[in-house]
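Report on one structure; see the data block that follows.
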Amino acid sequence: MTTDVEAPPPAKESPKEKEEGFLTLFLKNLWSANTVTVTVLSIFLALVVGAVLIVVSDSEVLGKFAYFTSRPSDALEASWTLISGAYADLFKGALFDPASFQAWFNGSGTWQAAFNPISETLTYATPLVFTGLAVALAFRGGLFNIGGQGQAIMGCVLAGVAGFAFHLPVGLHLLVALLFGVLGGALWGFVPGFLKARTGAHEVITSIMLNYTALLFLGWLILQKGVQDPERSDAISKTIATSAELPALPAPLRVHLGIVVAVLVTAGVAWIINRSSFGFELRAVGVNPPAAKTAGMSVAKTYTLLMVVAGGLAGLGGATQVLGTADKLTAQVAGNIGFDGLLVALLGRNKPWGTLFAAILYGGLRAGGNLMQVDIGISLELVTVLQALIVIFIAAPAMVKAIFQLRAARSARLGASMSKGW
Amino acid sequence: MTNQVSRGQEIPLRLELRGITKRFGDLVANDHIDITVEPGEVHALLGENGAGKSTLMNQLYGLLQPDEGEIVVNGEAKVFRSPRDAIAAGIGMVHQHFMLVPVFTVAENIALGAEEIRGGPLGILDRRRNRRDVLETSKKYGLPVDPDALIEDLPVGAQQRVEIVKALTRDVDLLILDEPTAVLTPQETDELLSVMRSLAETGKSIVFITHKLREVKAIADRITVIRRGRTVAPSDHPAATLDRNRTSFSPDTPEDELAALMVGRQVSLEVSKTPAEPGREVLKISGLVVDDDRGIRAVDGVDLSVRAGEVLGIAGVQGNGQTELVEAIVGLRAARSGSLELDGESLAGMGTKKILRSGVGYIPEDRSLDGVVKEFSVAENLVLDMYDRPPFGNAFKLNPKAINESAAERVTQFDIRTSSPASTVSTLSGGNQQKVVVAREMSRPLRLMIASQPTRGVDVGSIEFIHSQIIHERDNGTAVLVVSSELDEVVGLADRIAVMYRGKILAIVSPDMPREEIGLLMAGITGAEAAAEPEPEEETE
């Protein structure tokens with residue numbers, strides 16, 4: 001032992017340090033204690049459990065297990081065929097199908113068919129990149145932005161309205177519509193940020209509430225005169241002008257410019273976190289608000305601005321959904337992108353590039369799930385189950401850790417001299 | 001010093017630690033430590049923060065298990081799996097942070113964990129017997145405690161007495177006191193020392209962990225010095241005074257010699273400085289009233305003035321409003337009334353950032369919470385308050401090159417021991433973390449420097465350095481305000497001392513005033529002979 005590489009400094013028990021509750025500890029661990037290994041193993045475990053579910057949900061294969069003891073090969077063979085078929089479809093639907101590539105080379109198929117799986121994956125991934133970043137960035141500043149869904153919906157609404165209500169030249173129209181999307185999300189992020197900064201209202205509660213507000217507002221808005229499609233009687237808006245659409249590859253490919261924007265924005269967020277003054281502030285506030293305050297930073301201002309930026313990101317995600325994929329506002333236009341963004345950020349370990357890859361993985365599962373459903377009739381719900389399982393396997397250690405950290409904190413108070421270092 | 005050790009050799013040793021070794025990963029916290037504690041002696045365990053004292057005592061108290069070596073109690077090797085085993089073997093410990101339940105009475109706290117129960121394992125608490133036990137122990141050892149008082153109503157010194165009584169009711173023969181004087185006033189410290197002496201006279205042995213040389217010299221029968229996880233072998237220091245068995249140091253060893261043994265090199269304990277040359281009035285505080293977090297008045301009408309080129313020290317037991325006073329000056333806490341002026345300009349409503357940038361340096365008292373962001377690198381911590389100012393960056397972006405270059409420079413200049421400026425601050429020792437704060441605050445032009453507990457939890461070597469930096473700043477014409485609960489530090493640094501008690505400045509005195517009199521003031525006693533200056537505005541020099 002040398003004096004320069006010393007151990008924990010004498011950790012004074014500070015009265016200012018609030019005791020952390022189980023929820024906070026759990027959430028913290030959930031996002032921070034997760035390593036690449038854990039993520040990869042979680043995905044693997046999810047696939048294993050998913051395989052069991054595939055077998056159990058197929059009555060035909062299950063029937064073969066009835067005489068398992070007399071002829072085990074029947075049951076095992078059938079299970080293997082089913083599972084390998086399902087996961088092969090998942091792969092083919094998400095990345096590429098060798099058969100369609102062969103067809104393209106032979107001239108019997110089109111290049112569009114060959115690239116369709118990737119295109120689908122990226123299409124699903126695009127909005128998730130933005131909503132994932134909205135969560136990841138806020139987390140780096142110490143805030144749990146559960147309001148990504150509401151912020152994305154408001155992004156959809158404003159971008160959509162700007163898309164069909166304005167008449168502007170090509171290019172400019174798109175830019176304005178995207179900007180409106182950012183504004184909508186930023187507004188929905190500002191409210192919880194401002195409330196947190198001013199009154200200390202917990203952002204989790206306020207942003208969840210705003211999710212409902214946004215959804216109900218959207219539901220109301222698309223039935224209003226001037227917004228609702230005059231030729232339809234159901235809840236659907238006018239179609240946005242082609243000048244506001246995100247340019248896409250030729251049909252039937254759906255992937256659009258949004259994915260390029262997503263990559264650029266990811267780089268931008270990485271820059272903000274690591275290289276900008278605001279990023280320095282938010283990282284300081286995120287890990288030690290009292291020290292940030294003592295150094296002269298305004299914690300309140302940082303919280304507010306952070307939520308505005310995070311909201312803007314989610315709003316942009318909503319905008320790409322409307323301007324790239326949907327082209328109309330419906331009650332379900334935002335789907336589940338806000339909530340999926342939470343899981344994507346979790347999987348991406350709150351790192352910008354990690355979030356991008358996690359979003360693509362999620363998009364891939366979704367795209368592959370479509371093929372799986374069409375091809376061998378396994379419900380798309382299995383994909384949701386797989387996504388949920390991945391999260392559970394990542395979350396379970398965090399939960400266990402949270403429980404044990406609470407224990408440790410309690411016993412530390414019994415043997416406080418242990419916490420004094422040595 | 002009475003020598004309790006010289007009792008007959010036929011009495012078995014109470015405690016022997018043989019070759020205790022404890023590793024944490026690559027770090028060897030304790031490296032073959034041998035200590036012998038004789039019955040009825042006060043054995044001081046002296047060492048810097050991080051030397052391995054607490055690790056050693058945690059093993060003795062069953063909180064940690066040694067990797068090697070054995071603990072021998074009365075000639076019998078013991079293994080302590082938990083504090084329960086240690087207590088059963090007659091070893092008790094009073095922790096630095098008290099383990100008391102504030103809303104319980106003294107008797108209830110003492111009974112906690114060893115409750116007297118009537119009528120089987122599920123019986124009822126025998127409160128009367130608990131109370132009687134407490135009173136008996138208290139009387140037997142001359143430690144007055146009121147068994148019915150609530151802990152939260154007691155002053156810190158009395159709480160500590162409760163802890164000692166609690167250990168004694170467990171019938172321990174050896175009592176470990178871990179930095180017991182850190183929270184006490186000078187008077188309470190004297191009281192504790194005499195309690196330790198009388199306990200030793202009844203045959204109890206006491207292991208006294210500390211880094212304060214004055215106390216060691218006042219009370220210890222023998223001294224073991226631990227440095228970097230090892231006991232400093234007396235055989236290597238023929239010049240030092242040894243005790244009879246030649247296994248440890250005698251309290252007759254001079255203070256500077258003990259300090260050198262602790263640090264491993266010669267250190268100067270005195271702050272060397274020339275007389276101050278006070279200039280213009282930089283900070284003027286008038287009628288300042290500040291509330292604490294609970295809305296209770298913490299600063300109650302303080303008038304103070306700090307001049308350029310002088311150090312004003314604020315002495316006082318912790319919790320008498322010093323924290324709130326300082327936080328009000330730097331804009332972290334709103335004042336109820338009164339005024340704060342920096343060179344005639346009001347600081348009211350200015351905000352911390354503006355105040356810091358108008359030339360105020362601030363070393364906060366709670367380093368790990370307010371001083372540094374532990375997850376950040378040394379370089380980032382060095383610009384924590386200047387990251388958006390050239391050359392380190394602007395309102396939009398940082399300039400990593402300038403940040404890293406300046407960090408490398410300041411790491412050398414302020415002797416920050418780190419493997420690289422890019423290492424996170426959490427890997428640094430307390431003293432080096434504090435040097436990061438000092439380096440940050442002293443690298444810009446200052447008019448006023450506020451140092452709150454500047455050397456708390458800092459090793460002796462770094463204390464010397466930080467003190468010299470503070471005096472250096474003073475000599476550059478900066479007004480310096482030092483707040484410390486260590487009277488030695490205030491006396492050593494200050495040109496004038498303001499004694500703060502219950503939110504008020506009781507008196508402004510000269511550092512040459514006898515320590516006992518300042519101590520009385522810190523305890524709120526303003527006798528005619530204690531108050532040197534009736535007018536707080538006047539200087540004593």
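The values are calculated or read from the model by the stated rules, or taken from the named source; none is laboratory data. Treat the numbers as computed from the prediction; the structure is a model and nothing was measured. Ideal geometry is used to build each Cβ from the backbone, glycine not excepted, and the neighbour counts take in all protein chains shown. Only protein heavy atoms, including side chains, enter the accessible area calculation; ligands, DNA and RNA are left aside. Shrake-Rupley method; radii C 1.70, N 1.55, O 1.52, S 1.80 Å.
Things worth noting here:
- Surface burial for B against A, with a 1.4 Å probe and both sides summed, reaches about 4400 Å² of accessible area.
- Hydrodynamic radius of chain A per Kirkwood, over alpha carbon pairs, in Å: 23.6
- Stretching residue B:146 away from residue B:512 to a fully extended chain increases their span by 127.9 nm, per 0.36 nm per residue minus the current alpha-carbon distance.
- Counted as membrane-span-like here are DSSP H helices of chain B whose alpha-carbon atoms extend 15 Å or more along the helix's own axis and whose Kyte-Doolittle mean is -1.0 or above; these are B:156-169, B:186-201, B:400-413, B:430-442, B:460-475.
- Cα-Cα pairs of the protein assembly as shown separated by more than 44 Å (percent): 47
- Here the Kirkwood formula, the inverse mean of 1/r across different C-alpha pairs, assigns segment B:244-314 a hydrodynamic radius of 17.0 Å.
- Kirkwood hydrodynamic radius over Cα pairs of segment B:145-241, then Stokes diffusion coefficient at 20 °C and 1.002 mPa s, in µm²/s: 142
- Computed over protein heavy atoms with a 1.4 angstrom probe, the accessible surface ordering of A:82, A:187, B:150, largest first, is A:187, B:150, A:82.
- Note on segment B:362-458: Cα convex hull, mean projected area over all directions, 5.9 nm².
- Area of residue B:170 that stays accessible when all protein chains are in place (1.4 Å probe, Å², to 10): 50
- Placing a label point 7 Å from the Cα of residue A:68 along the Cα-to-Cβ line, the residues of segment A:80-94 whose backbone N sits under 15 Å from it are A:80.
- Taking A:271, A:80 and ordering them by how much accessible surface each has at a 1.4 Å probe, largest first, produces A:80, A:271.
- The order of B:34, B:303 by accessible area, most exposed first and with a 1.4 Å probe, is B:34, B:303.
- Radius of gyration and maximum dimension Dmax of segment A:39-178, Cα, Å: 23.0, 73
- Among A:350, A:88, A:217 - extreme Cα towards positive end, dipole of the protein assembly as shown, charges at beta-carbon: A:88
- Mean silhouette area of segment B:103-171, derived from the convex hull of its C-alpha atoms and averaged over all directions, reads 4.5 nm².
- Charge-dipole axis of segment A:127-362 as Lys and Arg at +1 and Asp and Glu at -1 on Cβ define it, positive-most pick from A:187, A:164, A:305: A:305
- A Cα-only calculation for segment A:79-133 places Rg and Dmax at 14.1, 42 Å.
- With DNA, RNA and ligands ignored, accessible area of residue B:191 (1.4 Å probe; Å², nearest 10): 100
- Paired Rg and Dmax values of segment B:283-328, which use every Cα atom, in angstrom: 11.2, 36
- Listed residue (B:104, B:158, B:138) projecting farthest to the positive dipole end of segment B:103-171, Cβ model: B:138
- Simple spin-label estimate for residue A:198 and residue B:67 in nanometres, 7 Å along Cα-Cβ: 5.7
- The dipole here belongs to chain B: it is taken about the Cα centre, uses +1 on the Cβ of Lys and Arg and -1 on the Cβ of Asp and Glu, and is about 1460 debye.
- The solvent-accessible area of residue A:264, taken with every protein chain present and a 1.4 Å probe, is close to 120 Å².
- Assuming charge only on the beta carbon of Lys and Arg (+1) and of Asp and Glu (-1), the dipole of the protein assembly as shown about its Cα centre is about 2640 debye to the nearest 20.
- With a Förster radius of 35 Å applied to the beta-carbon distance between residue B:255 and residue B:526, the computed FRET efficiency rounds to 0.65.
- Stokes-Einstein, applied to the Kirkwood radius of segment A:173-327 over Cα pairs at a viscosity of 0.890 mPa s and 25 °C, places its translational diffusion at 140 µm² s⁻¹.
- Principal axis extents of the Cα atoms in segment B:378-422, from largest to smallest and rounded to whole angstrom, are 31, 15, 13.
- Net dipole in debye of chain A [+1 Lys, Arg Cβ; -1 Asp, Glu Cβ; about Cα centre; nearest 20]: 1520
- When all alpha carbon pairs of segment A:249-388 are counted in 5 Å bins from zero, the resulting P(r) reads 2, 8, 14, 18, 18, 15, 10, 7, 4, 3, 1, 0, 0 %.
- Length, then width, then depth: along the principal axes, the Cα atoms of chain B run 71, 48, 48 Å.
- Here the Karplus relation 6.51 cos²θ - 1.76 cosθ + 1.60, evaluated at θ = phi - 60°, turns the backbone of segment B:349-365 into coupling constants of x, 7, x, 4, 4, 5, 5, 4, 7, 8, x, 10, x, 9, 9, x, 6 Hz, with x for every Gly and Pro.
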